[in-house]
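What follows is a short report on a single structure.
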Amino acid sequence: MTNKDFLWWRDGIIYQIYPRSFADSNNDGIGDLPGILSKLDYLSDLGVDAIWLSPIFPSPDVDFGYDVADYTGIDPKFGTMQDFEALVKAAKKRGMHIILDLVLNHTSDQHPWFVESRKSRENPYHDWYLWQDPQPNGDPPNNWQAIFGGSAWEFDQDRGQYYYHMFYKEQPDLNWRNPQVRAAMLDVFRFWLKKGVDGFRLDVFNAYFKDSDLKDNPSQFGIRAFDRQKHIYDVSQPEMYPLLEDIRAILDKRKNTYAVGETFLATPEQAASYCGDDKLHAAFNFAFAENRWHPKRFQRSACQWYEALSDDAWPNNFLSNHDMQRTATRYCFGEDDRRAKVAAALLLTLKGTPFMYYGEEIGLRDIPIRSKADVKDPTGKTFWPLYKGRDGCRAPMQWDDQPHAGFSQTEPWLPVHANFTHRNVAQQQVDPNSLLNFVKQLIQVRKAEPALQRGDFQPLVKDPRFILSFLRTYEGEQVLVVLNFSSRQLFYDMPDGAWTSLFGTTDSNSEFIALAPYDVRLFKQAA
């Protein structure tokens with residue numbers, strides 16, 4: 001494979017940054033765009049090809065940026081538009097692309113559109129949101145629930161109507177059936193493309209449209225009120241498909257752009273249906289990320305994902321993000337990183353674009369949330385103590401062993417994990433056996449082997465119990481991946497043929513190899 005064949009969003013590695021928590025340049029305790037810019041060389045050295053930024057738009061932060069008050073601005077706490085433009089330019093200079101997180105299902109209730117919309121039924125923006133009259137007895141229009149708790153309908157005294165919100169009441173859902181809303185949102189894509197953005201992550205995109213008749217959702221068994229409904233009429237409506245064609249047409253006017261969707265309350269098959277040459281480039285498969293530690297589970301969900309996708313779609317894989325417990329928190333025991341190495345190898349060698357969450361490369365753990373008073377995330381306050389919110393996975397990046405882990409010179413918006421004195425970038429950079437150096441070395445192997453970037457996937461054991469092994473094949477070249485998920489030494493029977501070692505201990509000349517606990521081995525078929 002020559003360099004001209006390389007396609008960044010297919011063959012490269014995408015790194016998600018939660019901007020509040022990556023690097024603080026002005027010492028106000030909140031990460032910012034200049035802070036990210038200052039770490040671009042670190043990301044380039046790691047081997048990252050693109051950076052996905054969680055929302056950086058002006059926001060009152062009811063949902064920490066996922067309640068947008070202006071789609072074409074930069075929140076002052078993150079910097080200025082000039083800072084953003086400098087970041088894009090510096091990233092491109094290093095061969096990296098910028099992906100923006102677009103939250104287009106809903107706005108903040110402080111967005112000028114909603115401020116106007118709630119004034120009266122005659123206002124020009126009166127139907128930019130989902131307004132409905134009460135039922136004759138004053139009840140909400142239907143039985144829909146908000147995922148963050150309570151009814152999804154909020155009564156507004158001034159208009160004498162209810163408005164709909166899938167999330168917090170401060171996040172009213174837009175009326176995507178209004179042609180003006182549709183046009184305004186498509187202009188958001190055009191605006192940021194002109195700024196040099198190459199890709200977009202679409203937040204809960206399959207919730208844009210709701211049933212036109214607002215029919216009640218049927219009931220099912222569940223613990224929370226939201227879970228006691230089958231979400232048939234409030235997400236995943238057929239009108240989404242033509243909209244995706246319009247979005248893709250805008251993206252395709254520029255070379256090598258990308259859009260990935262966060263499918264909401266969707267099966268892998270539903271997520272796959274939104275991907276293809278005239279739809280999204282990719283969508284996230286949450287079934288893979290939510291697996292327990294077992295090779296059979298990962299293999300099965302990966303195969304289901306590949307089978308669900310059409311021939312013109314490309315998979316992606318992730319294990320952590322800003323809404324879920326970190327990989328190392330879920331899978332590792334204490335400060336032992338051996339499982340984190342296996343997880344990283346899984347992510348970087350499976351078929352599909354790997355998405356890494358910031359700090360995953362050094363094995364960041366979630367910070368402990370011990371009391372409701374410590375919770376910043378409103379979901380944690382609402383559902384405490386059954387659910388402690390998402391603060392744990394959003395804590396500051398740990399750069400060194402200085403106060404506040406080198407993230408800031410002042411108290412950060414969330415506390416740094418207590419393990420920062422020994423778990424940080426600076427220390428792992430000089431430790432040849434660290435998780436960081438393991439990940440960097442594996443990324444370099446991936447970049448050198450077309451089969452690991454674009455190759456087909458063939459599992460070698462139908463129901464693996466302890467060892468996950470598979471082949472990646474591309475244009476006659478084969479790479480064998482062997483991952484020991486067990487804490488025991490095991491022996492693995494090598495496939496027929498001559499194999500040379502790409503990664504790990506070099507003992508591939510025998511018919512079988514000895515695998516250390518949580519061992520990671522890669523081989524290439526000899527020519």
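Residue pairs whose Cβ atoms lie under 6 Å apart, sitting 6 or more positions apart in sequence or on different chains, and linking a residue in the range 14-30 that is in the same structural domain as GLY79 (by TED's automatic domain parsing) and of a type in the set (Ser, Thr, Tyr) to a partner that is in a loop (DSSP other than H, G, I, E, B) and modelled with pLDDT of 95 or more, are TYR15/VAL48; TYR18/SER54; TYR18/HIS322; SER21/GLY31; SER21/PRO396; SER25/ASP32.
Among residues belonging to the range 145-198 that are aromatic (Phe, Trp, Tyr) and in a strand (DSSP E or B), point out the one that is surrounded by the fewest Cβ atoms within 10 Å (Cβ to Cβ). This residue is PHE155. Kindly indicate whether LEU502 is assigned by TED's automatic domain parsing to the domain that holds LEU7 and not aromatic (Phe, Trp, Tyr). When the stated conditions are applied, LEU502 does not pass them.
Using the structure shown, decide if ASN437 is modelled with pLDDT of 95 or more, surrounded by fewer than 17 Cβ atoms within 10 Å (Cβ to Cβ) and either in contact with a helix residue (DSSP H, G or I) (Cβ under 9 Å, 6 or more places away or on another chain) or over 20 Å from GLN299 (Cα atoms) (or both). Talk me through it step by step, then tell me what you get.
Working: modelled with pLDDT of 95 or more: yes; surrounded by fewer than 17 Cβ atoms within 10 Å (Cβ to Cβ): yes; either in contact with a helix residue (DSSP H, G or I) (Cβ under 9 Å, 6 or more places away or on another chain) or over 20 Å from GLN299 (Cα atoms) (or both): yes.
Yes: the conditions hold for ASN437.
Just a yes or no: is a residue in the range 449-462 among the charged types (D, E, K, R), under 32 Å from the mean Cα position of the chain (by Cα), modelled with pLDDT of 95 or more and not in a strand (DSSP E or B)? Yes, the range 449-462 contains a residue that is among the charged types (D, E, K, R), under 32 Å from the mean Cα position of the chain (by Cα), modelled with pLDDT of 95 or more and not in a strand (DSSP E or B).
Could you tell me which residue of the range 513-527 is farthest from the chain's Cα centre (by Cα), considering only residues that are farther than 20 Å from ALA340 by Cα and of a type outside the set (Val, Ile, Thr)? Within the range 513-527, the match that is farthest from the chain's Cα centre (by Cα) is ALA527.
Only one of THR263, THR257 is over 16 Å from the mean Cα position of the chain (by Cα), on the phi < 0 side of the Ramachandran plot and buried (at least 18 other Cβ atoms within 10 Å of the Cβ); which?
Values: THR263 fails: over 16 Å from the mean Cα position of the chain (by Cα).
From the options THR263, THR257, the qualifying one is THR257.
When the range 462-476 is filtered for residues that are touching a residue at least 40 places away in the same chain (Cβ under 8 Å) and of a type outside the set (D, E, K, R), the ones remaining, listed by number, are PRO464, PHE466, ILE467, LEU468, PHE470, TYR474. For the range 16-64, the set of residues classified as touching a Gly at 6+ places or on another chain (Cβ under 7 Å), under 23 Å from VAL445 (Cα atoms) and not acidic (Asp, Glu) consists of ALA50 only. Regarding the range 104-113, can at least one residue be identified that is touching a strand residue (DSSP E or B) at 6+ places or on another chain (Cβ under 9 Å), buried (at least 16 other Cβ atoms within 10 Å of the Cβ), outside the structural domain of PHE64 (by TED's automatic domain parsing) and over 30 Å from TRP192 (Cβ atoms)? Scanning the range 104-113, I find no residue that is touching a strand residue (DSSP E or B) at 6+ places or on another chain (Cβ under 9 Å), buried (at least 16 other Cβ atoms within 10 Å of the Cβ), outside the structural domain of PHE64 (by TED's automatic domain parsing) and over 30 Å from TRP192 (Cβ atoms), so the answer is no.
Look through GLU475, GLU411 and report the one residue that is acidic (Asp, Glu), surrounded by fewer than 15 Cβ atoms within 10 Å (Cβ to Cβ) and at positive phi. Don't jump to the end; show me each part of the working.
Numbers: GLU411 fails: at positive phi.
Among GLU475, GLU411, only GLU475 is acidic (Asp, Glu), surrounded by fewer than 15 Cβ atoms within 10 Å (Cβ to Cβ) and at positive phi.
Filter the range 35-66 for residues that are touching a residue at least 60 places away in the same chain (Cβ under 8 Å) and part of a helix (DSSP H, G or I); which is nearest to GLY79 (Cα to Cα)? This residue is TYR42.
Scanning the range 357-414 for residues that are touching a strand residue (DSSP E or B) at 6+ places or on another chain (Cβ under 8 Å) and in a loop (DSSP other than H, G, I, E, B) turns up just one, TYR358.
In the range 274-286 there is no residue matching the filter, namely being of a type in the set (D, E, K, R) and free of Cβ contacts under 8 Å to residues at least 12 places away in the same chain.
Table: residues versus (1) outside the structural domain of GLY12 (by TED's automatic domain parsing); (2) small (Gly, Ala, Ser); (3) closer than 26 Å to TYR357 by Cβ.
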| residue | (1), (2), (3) |
| --- | --- |
| VAL188 | no, no, yes |
| GLY196 | no, yes, yes |
| ASP203 | no, no, yes |
| ILE223 | no, no, no |
| ARG228 | no, no, no |
| ILE232 | no, no, no |
| VAL235 | no, no, yes |
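The values are calculated or read from the model by the stated rules, or taken from the named source; none is laboratory data. These numbers come from a predicted model, not from an experiment. Every residue, glycine as well, gets a Cβ built from its backbone with ideal geometry; the counts of neighbours run over all protein chains shown.
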